[in-house]
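Take a look at the structure set out below.
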Amino acid sequence: MWESLSMSGHDPGEQRRRQQQQEQFAESVAGAVRQPASAHTPEYVKLATMDSTRSSGDSAQKASAEAALDDASTAVEDAFQQHHVKIEYDGRRFSLKKLWRFVGPGLLVSQALLDPGNIESDISQADSSGYRLLWLLLLAHVLCIFVQSLAARLGVVTGRHLAQHIRQQYPLAMSVVFWLLSELAIVGADIQEVIGTATALHILTTMPIWAGVVVTAVDSFLFLYVQRLGVRVTELVFGLMVTTLAVCFWLEMVLIKPDAGEVIKGMVIPRIPQGSAVQAVGIVGCVLMPHNLYLHSALVGSRKLDRREETREGAIREAMRYFRIETSVSLMYAYLINMSVVVVFCKAFEIMRGEGVPYVASLAEGATVLSHVLGSGSKYVYAVGLLAIGQSTTMTGTLSGQYVTEGFWNMPVKPWQRVFITRGISLVPALAVALTATAHIDLLSEIINVVQAVVLSFTIIPLLKLQAHGEIMGPEFVFGRAARIAAAALTLAIIALNAYMVASVIPLRSAGMYVALVAVVLVYALVLAYTAAFPLRCVWSRRVLVDRAPAGVRWLFGRAALAVGAAPPA
């Protein structure tokens, strides 16, 4: 195959250049052969795969057939690589037994919607707007179902998760920016989770908050043992922790006896109380988490699909259908838990206001409020639920960081290293807040929510761009025109909401602050426009790895054409 590349005269410089082209081409083929065969796989990759199989004997054929039943992922190590769940494709329309085999990734993703930061947002919502924003909380969860389903769709169709795609499709400088923003969001969420867990330990044991922060940072290493037991055991443990939180708050909701009519009215009648616009936008921002998109697109790879050529499309469509169902059920489960938190504290605050008893609407003081209304035992129920979800979310945050780091840098990171780095970074600001004043926790949560909102835009734009690219998703699964329009509208709406939330935290006390606000919004809009306009880096076309951007666009974005040799003869 290489004769045409090697017969080019005897000039040493020419020979070296040809040798470099051969090496680059061989690397591109080797990387592509690891991907699943499909209708849009380059023909020479299919031929190379078949040649390799024929030359390896019966044992190699058997290994190749087994590899076809794979998740097609990656050059990096999967955290659950030895415990993947194999899914045989049988062509049935629907099966509850098969649906059970897909249950798990959505449940892990739902943890982020229930972390201590979101519980604190629920308590704040109950104090400022009562039941009247329950409809918006429901709408935010429905929107989250749609966005998370797109992340799962990307991982199922391509066999690669979002971080790997961004690293492959964007130049190094932009990939570094994406990675830093993602890590910032993960560490921010981790701070909230660590402090929330420390608060639960303080309620249960009177342990100082700073000591609880240290204990939480250390006991996260227990996750390493759980992870070694396999993906299904890990999913079961996380499911039990979420259920613990659900039981705690549903029990307190039954005991506190809320007004059912007001709850239903709040869920079905859209209204935003005066002065609650920022709170309303914050509800959407707290539900849509950027690191959740990375995590979901990676977790679906734990299901090994039947990706043989004759069954590939059917198996992928089946997996997408089951994952949509699983994601919808898991996130609606999370909504019911969030709703119960809002309802419990709405009624509790109503009782305390009626009695003229002062209170503070915060995560730390939630136990005091419930103790006054329901008795001293209720604070322990509250603390047990908070402890369970705090521990669970710190573990999923570690897993998100592991996938992000491995995907962006194409290198495996051992789980204990990831836990050590993540805890080390989050421990410093968490301890600072715990030692200085717990009153600053609310301010810290507000800053973290703003960071999450900023990072989300830089995560969802690449996700939607990848979905609309035919040579990445394939002609069978690429977005059509209607889906592209809907995706663009969704992106603009999320960016507008997030920009409003960022602008709302800037104190406008002088003309200079107005100028600063305008400058921040303009810079934010320009950077997002640059990210959206940036063409994806390289695709497979006509058996050659090429840069599809025109020369003028490459010059505008500071890009160089890919140095890939000519295609081999057919």
Loop chymotrypsin sites (Phe, Trp or Tyr not before Pro), the range 213-266, which have at most 16 other Cβ atoms in a 10 Å radius of their Cβ (DSSP) = 221
So, by mean Cβ neighbours within 10 angstrom, what's the order for 280-289, 479-488 with the highest one leading?
-> 280-289, 479-488
Beyond 16 Å, the calculated P(r) of the range 241-306 holds a percent of Cα-Cα pairs equal to 74
If the viscosity is 0.692 mPa s and the temperature 37 °C, what translational diffusion coefficient in µm²/s does Stokes-Einstein give for the range 70-222 when Rh comes from Kirkwood over Cα pairs?
-> 170
Among 86/465; 98/379; 304/465, which pairs are too far apart, with a Cα-Cα distance over 32 Å?
-> 98/379
Of 210, 100, 135, which has the most accessible area with a 1.4 Å probe, and how do the rest follow in descending order?
-> 100, 210, 135
Pick out, in residue order, every one of the GluC sites (Glu not before Pro) in the range 117-221 that is DSSP loop and has at most 10 other C-beta atoms within 10 Å; say none if there are none.
-> none
Given a 1.4 Å probe and the protein chains all in place, what does the accessible area of residue 296 round to, in Å² to the nearest 10?
-> 0
In terms of modelled amide H atoms, which long-range or inter-chain residues lie less than 5 Å from the amide H of residue 86?
-> 304
For the range 232-365, averaging the sequence separation of alpha carbon pairs under 8 Å that lie six or more residues apart and dividing by its residue count, the contact order in percent is 43
Run the accessible area of the range 113-271 with a 1.4 Å probe and give the carbon-and-sulfur part as a rounded percent.
-> 75
Using the Kirkwood radius built from alpha carbon pairs, what does the Stokes-Einstein equation give as D for the range 269-331 at 20 °C and 1.002 mPa s, in µm² per second?
-> 144
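The values are calculated or read from the model by the stated rules, or taken from the named source; none is laboratory data. Keep in mind it's a predicted model, so treat the numbers as computed, not measured. Neighbour counts run over all protein chains shown; Cβ positions are idealised from the backbone, glycine included. SASA here: full protein model, heavy atoms, side chains in, ligands and nucleic acids out. Shrake-Rupley method; radii C 1.70, N 1.55, O 1.52, S 1.80 Å.
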